[in-house]
Amino acid sequence: MFTHVMVGANDIDASKAFYDATMAALGGEPAREHRGRYFYHHKGSRLAITKPINGEAATPGNGMTISILGDSPEQVDAWHEAGLAAGGTPCEDPPGIRQASLGAVYMAYLRDPAGNKLCVMHKLPA
């Protein structure tokens, strides 16, 4: 459905360091720079970071969460640890199992350096 998701970053270097670390923990490709924006490719999807082109400050969306697919609970934990080490801040509950509309999932949440809320989720076997 989506071609990519792009989030704003006020400190592009801090955000790039965060996404370099977290996307590597998921097995994603290194960022590709295009016109001052950085694009991360993972399993056919793209996530991009950019300074807002209107020159105003980047702000996180209220109620917005970007969820990324993880291959295992261990990979979800590795993403969370990499994100914390690279300037992310914890939000919601600690990584763990939650019941969702699609069944049991293992999830972790972080906010990136610009405050955007992210989640990595792995669906557990039934």
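The values are calculated or read from the model by the stated rules, or taken from the named source; none is laboratory data. All of these numbers come straight from a predicted model, not from anything done at the bench. Every residue, glycine among them, receives a Cβ derived from its backbone with ideal geometry; neighbour counts consider all protein chains shown. We work out accessible area using only protein heavy atoms, side chains counted, and drop any ligands, DNA or RNA first. Shrake-Rupley method; radii C 1.70, N 1.55, O 1.52, S 1.80 Å.
Per 0.36 nm of contour for each residue apart, how much would the distance between Thr65 and Leu102 grow if the chain were fully extended, relative to their Cα-Cα spacing?
Values: separation 37, 0.36 × 37 = 13.32 nm, distance 1.74 nm.
Result: 11.6 nm gained on full extension.
Annotation: per residue accessible area for the range 1-116 equals 56 Å², rounded to a whole number [probe 1.4 Å, protein chains only]. Applying 1/(1 + (r/R0)^6) with r as the Cβ-Cβ distance of Leu124 and Asn54 and R0 = 30 angstrom yields a FRET efficiency of 0.10. By accessible area, using a 1.4 Å probe on protein heavy atoms only, the range 17-126 has 53% of its surface on carbon and sulfur. In the chain, the longest principal axis of the Cα atoms and the axis of helix 73-85 are about 40 degrees apart.
Quick one: work out the % antiparallel among DSSP beta bridges in the chain, nearest 5. So the antiparallel bridges in the chain amount to around 75 percent. Extension gain, Glu33 to Ser72: 0.36 nm times the residue separation minus the Cα-Cα distance gives 11.2 nm. Positive-end ranking of Met64, His4, Ala31 along the dipole of the chain, with charges on Cβ about the Cα centre, is headed by His4. Relative to the longest principal axis of the C-alpha atoms of the chain, give the angle of the C-alpha long axis of helix 12-25, reported between 0 and 90° and rounded to the nearest 10°. The answer is roughly 30 degrees.
On the basis of the beta-carbon distance and an R0 of 22 Å, Asp93 and Asn10 show a calculated FRET efficiency of 0.20. Would you mind working out the magnitude of the charge dipole of the chain relative to its Cα centre, with +1 at each Lys and Arg C-beta and -1 at each Asp and Glu C-beta, to the nearest 20 Debye? In debye, rounded to 20, the chain gives about 420. Each other residue within a Cβ distance under 12 Å of Arg98 adds +1 if Lys or Arg and -1 if Asp or Glu, for a net charge of -1. Here the range 88-126 and the range 1-65 have alpha carbon centers that stand 18 Å from each other.
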